[in-house]
Structure formats: C-alpha cells, structure tokens
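Novice: Questions regarding the structure given below will be posed in turn.
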Amino acid sequence: MPEEPCQCPDCQRFYREHDRLIRENPTLRQQQELSWAALQSFRTLAGRVLEDLQKTQPDADPALATAASGAATSGSADSGDPDAMAQALADLENINAHLFSIEALMERIFDVRVPEAVEQKFRELAGELAPDPLNADRLRLNRLLHQTPDLPG
C-alpha cells in the first residue's frame with residue numbers, strides 16, 4: 001500500500017505547483033525550456049547575492065570562506081555573526097558550483113529531439129498526471145469524495 005501524500009501546507013503547495021507545471025508545459029520541449037529557465041534564474045540570483053554580500057564584507061578573506069565551506073551548515077546565518085556570514089558565503093559558493101555542474105549536465109538534455117508522436121504521448125500523460133483542478137468532472141469528483149461544494153456559494 002503506497003504511503004499517503006503529506007498534507008502539510010508546504011507539501012500541498014509543492015504538489016499544486018508540480019501539477020501546474022505539468023499542465024502548462026506538457027511536452028518534452030516545454031519541460032526542457034522550463035528547466036533551463038529555472039536553473040538560469042537560480043544561478044543569476046544566487047550569483048548576484050553572493051557577489052553583493054562579498055562586496056559588503058570588510059576585508060573579505062577568500063581563504064576564510066573556503067575554510068568555512070567544510071564546516072557544518074546547520075544554524076542560522078545571522079548578519080551580525082561574522083562566522084555565520086562566512087559560512088553563508090561559503091554555502092552560496094557551493095550552491096553556485098553545484099548549479100554550474102547541473103547546467104553542464106542539463107545541456108545534454110537539449111541534444112534530445114523526439115518525433116511529434118512522442119510529444120503527443122507527453123501531452124496525453126501530462127493530462128493524466130496533472131488533470132485540470134477546475135475541470136467540471138474533477139470538481140464533481142471532489143464534491144463526491146470530500147462532500148464539499150464545487151464552487152463557493
């Protein structure tokens with residue numbers, strides 16, 4: 001028997017976003033482009049934050065950040081604590097390095113092209129994996145399963 005999906009607000013938000021991304025991008029090509037855009041936006045923002053934080057650190061010692069990267073990453077990075085800030089900078093440097101690695105791997109995804117019949121299979125399965133939550137049949141099913149009205153009265 002499979003486990004029930006988590007019902008916490010964070011997981012529910014993730015499930016909704018997951019399904020929305022499948023519904024709105026139901027082809028291989030769209031998923032490729034979406035993944036690439038998400039990666040690039042993450043890299044751009046994380047890189048810029050790291051760059052700006054490094055500029056604000058008095059006498060920022062690159063060796064300190066590198067040494068801190070080997071330390072445990074638990075705890076908060078309070079801006080008043082130099083050790084916490086050094087750790088945060090080291091963590092951001094690691095994140096950026098990982099994002100560059102992911103980018104190199106993802107470039108291989110763009111080498112793949114599939115026939116229209118395969119793209120159609122993507123669309124078909126996307127509809128099964130993430131049906132439109134506002135679809136009339138889905139609303140009726142929800143009402144029957146959960147005894148809730150289709151629309152707010």
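The values are calculated or read from the model by the stated rules, or taken from the named source; none is laboratory data. Please read these numbers as outputs of a predicted model, since none were measured by experiment. Note that each Cβ is placed from the backbone with ideal geometry, even for glycine, and that neighbours are counted across all protein chains shown.
Novice: Return the pairs, sorted by first residue and then second, in which the second residue is aromatic (Phe, Trp, Tyr), the first residue lies in the range 28-52 and is in contact (Cβ under 8 Å) with a residue 40 or more places away in the chain, the beta carbons are less than 7 Å apart, and the residues are 6+ apart or on different chains.
Specialist: Hits for this filter: 28/122; 32/110.
Novice: Filter the range 101-122 for residues that are within 15 Å of residue 39 (Cα to Cα) and either of a type in the set (D, E, K, R) or exposed (fewer than 12 other Cβ atoms within 10 Å of the Cβ) (or both) and give the result.
Specialist: Result: 101, 103, 104, 105, 107, 108.
Novice: Quickly run through the range 1-43 and pick out the residues that are part of a helix (DSSP H, G or I) and of a type in the set (S, T, N, Q).
Specialist: 12, 30, 31, 32, 35, 40, 41
Novice: Same structure again: Among the residues of the range 64-73, is any assigned to a loop (DSSP other than H, G, I, E, B), crowded, with 16+ Cβ neighbours inside 10 Å, modelled with pLDDT of 90 or more and of a type in the set (S, T, N, Q)?
Specialist: The answer is no, given that none of the residues of the range 64-73 is assigned to a loop (DSSP other than H, G, I, E, B), crowded, with 16+ Cβ neighbours inside 10 Å, modelled with pLDDT of 90 or more and of a type in the set (S, T, N, Q).
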